[in-house]
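FYI, it's all coordinate maths here, none of it is from the lab. All of these numbers come straight from a predicted model, not from anything done at the bench. Note: ideal-geometry Cβ built from the backbone for every residue, glycine included; neighbour counts use all protein chains shown.
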Amino acid sequence: MTPHMLLVITGGLIMLIALLAGEEFARRSHISPAIMRKIGHVGMSLLVIAVGLIVGRHGVIEVSAFFALLLFFLHFFRPLKSISDRHSGSLGEVFFPIGVALTAFIAPTNADFVAAVLVLGLADTTAYFAGTRIKSPKLPFHKSIAGSLGFFVVASIILLFVTSWFWALPFAAALTIVEFLGAFGLDNLFIPVVAALLLYLVK
């Protein structure tokens, strides 16, 4: 077994253990399923970044491909309470690792990969909590002004760490539109991929 394969297996096991632990916590806690999914969303984003530091971006692609297949199977036969929203028709937990794998392939640098995944994990979650906790005019697709503004602000801050404000603000605006249009969990696929593509264009 090569050192790379050993690292990939280690990274995969870390993510699998974290996924099972999160599922056990979700089943024992009294936290609402929607909030539990957002906790899992942030947690998995941070874990992907940590695993990426261990296995590298090529390893992230391999681990993510495995989890995409696993979560696709579980979605239809045993959906995970901590991350699955099958009742709404969402495949977000399946699109998440696919988006991560594509982002790892596209991102021009490790820092850009981290930024794209953080936008997915933090800005998207901010949009949810801002949209549900702050009263503001509603938008189509079950979105709100507060949620979209929350996403834009957090995405802008993250992107400023990897590019100039000249690019960070329009990129954040573009990603806000992607989040706004995302349905059935497709935002988990397109947010990090579009972020990586935009950063690729200015490198």
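Projected onto the charge dipole of the range 3-201 (+1 at Lys/Arg Cβ, -1 at Asp/Glu Cβ, origin at the Cα centre), which of Ile145, Val194, Val162 gives the Cα projection farthest towards the positive end? Farthest towards the positive end: Ile145.
Taking label positions 7 Å along the Cα-Cβ direction at both Ile177 and Ile9, the computed distance is 4.7 nm, reported to one decimal.
Lys-Lys pairs in the chain that are eight or more residues apart or on separate chains and whose Cα atoms lie under 24 Å of each other come to 6. Do any chymotrypsin sites (Phe, Trp or Tyr not before Pro) in the range 109-149 lie in a DSSP loop with no more than 14 other beta carbon atoms within 10 Å, and if so, which? Hits after loop and neighbour filter: Phe141. Given +1 at the Cβ of Lys and Arg, -1 at the Cβ of Asp and Glu and no other charges, the dipole of the range 3-201 around its Cα centre is 580 debye to the nearest 20. Computed over neighbours whose Cβ is under 15 Å from that of Leu159, the net charge equals -2, Lys and Arg +1, Asp and Glu -1. Among 100-107, 36-43, 53-60, sorting by the average number of other beta carbon atoms lying within 10 angstrom of each residue, highest first, gives 100-107, 36-43, 53-60. Only one residue of Ala111, Ile17, Ala65 has its Cα farthest out toward the positive end of the dipole of the range 3-201, where Lys and Arg carry +1 and Asp and Glu -1 on Cβ, and that residue is Ile17. The relative contact order of the chain comes to 23 percent, based on Cα pairs under 8 Å that sit 6 or more residues apart. For the pair Arg28 and Phe161 in one chain, pulling the backbone fully straight at 0.36 nm per residue adds 44.1 nm over the alpha carbon distance.
With K and R counted +1 and D and E -1, the other residues having a Cβ less than 13 Å from that of Lys143 yield a net charge of -2.
Please give me the summed charge of the neighbours of Gly11: other residues whose Cβ is under 13 Å from its Cβ, Lys and Arg +1, Asp and Glu -1. Spelling it out: positives minus negatives among the neighbours equals 0.
For the range 37-53, the Karplus equation 6.51 cos²θ - 1.76 cosθ + 1.60, evaluated at θ = phi - 60°, returns couplings of 5, 6, 4, x, 4, 5, x, 5, 5, 5, 5, 4, 4, 4, 5, x, 5 Hz by residue, with Gly and Pro reported as x. Here the gap between Leu186 and His142, fully extended at 0.36 nm per residue and compared with their Cα-Cα distance, gives a gain of 14.4 nm.
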